[in-house]
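Asks: Take this structure first; my questions come after.
The values are calculated or read from the model by the stated rules, or taken from the named source; none is laboratory data. For clarity, every value in this text was computed on a predicted model and none was experimentally measured. Reconstructed Cβ throughout: ideal geometry from the backbone, glycine too, with neighbour counts over all protein chains shown.
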Amino acid sequence: MHSSPKFGRPPTVAEFVGAFAASHAPLIARDWDRFPDALRARITASYASVGERIAAARPDILIEVAPDHWTNFFIDNLPSVCIGVGAVHEGPREPFMTAFPHRTLRGDTAFGTHLLSTALARGFEPSVSHQLCLDHGFCLPLWKMNLDPLPAIVPLILNDLEPPMPSIARCAAWGTLLAEAIASYPGDARIAILASGGLSHSIGEPTMGVIDAEFDRNCIAAFERSDTGALVGFLDAALPHVGNGAHEVRNWVVAHAAAGGHGFALLDYYAVPEVYVGCAWAAWDGGVR
Ligand SMILES: [Fe+2]
């Protein structure tokens, strides 16, 4: 019989081994060689701080929550949420990502399909793709974290780019759903979540380049307080005013809620005007066993 939450809970052997978050920016790749040595060293250390924790969690599968920067989708077809169930994903096409060491990334059709089935059984109707190209939002953090070997990547694309977007409360509900899908997965797998994006930045609008460090610090504090209701209220009120790129923090909300809303531990934060982004790195590895 097909395994589905509808037909009872199968023996559970999958483990949720951690939730992580990191910013991304195209210019981290494009302008890397132009950065001062100290900035390169600090960014390297920040990504390493997350990468080492992911490596220690030893995930077989990494659910990566990220936006699609008009690589797979455009306004003619723009899903609010899309699950990538392909066995293989295409690597990034952006010219500034040509040195990324993977032209393809392994997916996990079995878990991706289980996640889709779990979502549908719970009244969520995401889009599904069997053939995705993963852009810098997915691949830059993986690259800078030096994950080797890469776990299988199950992409969860959120529309963080074009209004109207999924509500913050719905993103939290997606996180709860991810945790349920992991807990009900009958495969023998260690599964982690990585959110990619944020914090404040402004791209292609009159405030281009503005970084709101006060928002960023308040945002981090809201995550650390482990109060999902307060986090949702804070972001609902603040996000319209802190640059279009800040909407990517939705991905953090998904990962945070998947971890039970227990709160990310901040690993590093600093505004990086060279890449136009308030950059932050965080981890919740309470699930690691
Ligand atoms: Fe982005």
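Asks: Pairs please, first residue from the stretch 233-250 and without any contact (Cβ under 8 Å) to a residue 60 or more places away in the chain, second anywhere and of a type outside the set (A, V, I, L, M) and part of a helix (DSSP H, G or I), Cβ atoms under 6 Å, 6+ apart in sequence or on different chains.
Replies: Ala238/Phe215; Val242/Phe215
Asks: If you don't mind, another one. Hey, can you tell me all the residues within the stretch 60-83 that are crowded, with 24+ Cβ neighbours inside 10 Å and assigned to a loop (DSSP other than H, G, I, E, B)?
Replies: Answer for the stretch 60-83, where residues must be crowded, with 24+ Cβ neighbours inside 10 Å and assigned to a loop (DSSP other than H, G, I, E, B): Pro67, Asp68.
Asks: Name the residue, out of Ala181, Ala213, that is in contact with a helix residue (DSSP H, G or I) (Cβ under 9 Å, 6 or more places away or on another chain), modelled with pLDDT of 95 or more and small (Gly, Ala, Ser).
Replies: When all the criteria are applied, what remains is Ala181.
Asks: Sticking with this one: For the stretch 251-263, state whether one or more residues are more than 26 Å from Val17 (Cα to Cα), within 16 Å of the ligand (Cβ to nearest atom), crowded, with 17+ Cβ neighbours inside 10 Å and not small (Gly, Ala, Ser).
Replies: So far as the stretch 251-263 goes, no, none of its residues is more than 26 Å from Val17 (Cα to Cα), within 16 Å of the ligand (Cβ to nearest atom), crowded, with 17+ Cβ neighbours inside 10 Å and not small (Gly, Ala, Ser).
Let's see how each residue does on (1) of a type in the set (Asp, Glu); (2) closer than 23 Å to Phe73 by Cβ; (3) away from the ligand (no atom under 14 Å from the Cβ):
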site	(1), (2), (3)
Glu162	yes, yes, no
Gly175	no, yes, yes
Ala181	no, yes, yes
Gly209	no, no, yes
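Asks: Let me ask another. Sort out which residues of the stretch 117-131 are surrounded by 16 or more Cβ atoms within 10 Å (Cβ to Cβ), in contact with a helix residue (DSSP H, G or I) (Cβ under 9 Å, 6 or more places away or on another chain) and closer than 11 Å to Gly84 by Cα, and write them in order of number.
Replies: Pro126, Val128
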